[in-house]
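> My questions all concern the structure below.
The values are calculated or read from the model by the stated rules, or taken from the named source; none is laboratory data. On a predicted model such as this, the values are computed, not experimentally measured, just so you know. We place every Cβ from the backbone using ideal geometry, glycine too, and count neighbours over all the protein chains shown.
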Amino acid sequence: MRVTCPSCCASFSLDVALQMDASRGALLRALHMPAPLAGLWAQYLGMFRSKGRVLAHDRADKLMAELVPMLDAGTVVRNGNTRNAAIDVWRGALEQMVELRNTDKLQLPLKSHGYLLEIVFAAAERGAAKAEQAVEVSRQKGQHRNVGDQALARRSRLAQIQGDYRLNIIDRTTAELRLADIDFPPEALDA
C-alpha cells in the first residue's frame, strides 16, 4: 500500500511510514535517557545487531522500551525480584558490557537484556548488602544511640540556660548567645 506525505506530496509505502514512526519513537526514548548513559546506550544497542546488518528502528525502540521504566524508577527487576539500582549502577553495568564486547567475551548479537539485567541485579545486591552491613556495624558500635544521647544533652543544656535566665544568673543577651550555640532560637527562653 502506498501513502502520500502531507507536507511534500511524495509517495511511499506504508512499511516506510511505520519505520519512520518507530525511528521517531526510538529517537524520543534516546533523548529521555539520563546523560551518563547516552553514549553507552548506543554501544549497547549495537550489540543486538547482526554483523553486517543495521538494527531496525522498531527493534531499537522495543529494546529501549523494555529498560526505560526500570531506569526511570531507579530499580532493576530480575526473575520477579526488584532491587534499587541507581543510574551509576546501570552505567557500571553498561560499561562492563562494552568491555566484554571489546574483549570478545560476549556472544553477539544479543537476544535479550538478560545478561545486562544479571549484572545490574548483582551490583544492586552488593550495594544493598554493603548498606545493611554499615547499619549493622553502626548498631554494634552503638552509634545509633549517639543521636539520642546528643538530643538529650542538647535538651538538658536548654533547660539549664532557661533556669539560669529565670533565676537572673545570666541576662537575656548571654542566654540568647548560649541558645545559639546549641541551635535553639531566642524564643526558647520564653517557653
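> Restricting attention to region 78-115, which residues are free of Cβ contacts under 8 Å to residues at least 12 places away in the same chain, more than 21 Å from MET47 (Cα to Cα) and surrounded by 14 or more Cβ atoms within 10 Å (Cβ to Cβ)?
Within region 78-115, none qualify.
> Might you check whether a residue that is surrounded by 15 or more Cβ atoms within 10 Å (Cβ to Cβ), touching an Asp or Glu at 6+ places or on another chain (Cβ under 9 Å) and closer than 30 Å to LYS130 by Cβ occurs anywhere in region 38-57?
Yes.
> Quick one: would you say ALA122 is in the same structural domain as MET47 (by TED's automatic domain parsing), assigned to a helix (DSSP H, G or I), surrounded by 15 or more Cβ atoms within 10 Å (Cβ to Cβ) and of a type in the set (Gly, Ala, Ser)?
Yes; evaluated as a whole, the condition is true for this residue.
> Looking at VAL77, VAL98, VAL68, VAL120, can you tell me which residue is more than 27 Å from SER50 (Cβ to Cβ) and aliphatic (A, V, I, L, M)? Give the steps one after another, and end with the answer.
Details: VAL98 fails: more than 27 Å from SER50 (Cβ to Cβ); VAL68 fails: more than 27 Å from SER50 (Cβ to Cβ); VAL120 fails: more than 27 Å from SER50 (Cβ to Cβ).
Going through VAL77, VAL98, VAL68, VAL120 in turn, just one is more than 27 Å from SER50 (Cβ to Cβ) and aliphatic (A, V, I, L, M): VAL77.
A quick yes/no check of all residues on (1) more than 19 Å from LEU117 (Cβ to Cβ); (2) modelled with pLDDT of 85 or more; (3) in a helix (DSSP H, G or I):
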{"site": "LEU27", "(1), (2), (3)": "yes, no, yes"}
{"site": "ALA30", "(1), (2), (3)": "yes, no, yes"}
{"site": "LEU37", "(1), (2), (3)": "no, no, yes"}
{"site": "LEU40", "(1), (2), (3)": "no, yes, yes"}
{"site": "GLN43", "(1), (2), (3)": "no, yes, yes"}
{"site": "SER50", "(1), (2), (3)": "yes, yes, no"}
{"site": "ARG53", "(1), (2), (3)": "yes, yes, no"}
{"site": "LEU63", "(1), (2), (3)": "no, yes, yes"}
{"site": "VAL68", "(1), (2), (3)": "no, yes, yes"}
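> Being within 22 Å of LYS130 (Cα to Cα) and in a helix (DSSP H, G or I) is the filter here, so list the residues in region 71-90 that pass it.
Scanning region 71-90 gives LEU71, ALA73, ILE87, ASP88, VAL89, TRP90.
> Check region 77-96 and report whether any residue there is at pLDDT 95 or above and over 17 Å from the mean Cα position of the chain (by Cα).
Yes, the conditions are met somewhere in region 77-96.
> Can you pull out every residue in region 91-111 that is in a loop (DSSP other than H, G, I, E, B) and of a type in the set (S, T, N, Q)?
If the condition is that a residue be in a loop (DSSP other than H, G, I, E, B) and of a type in the set (S, T, N, Q), then THR103, GLN107 are the ones that fit.
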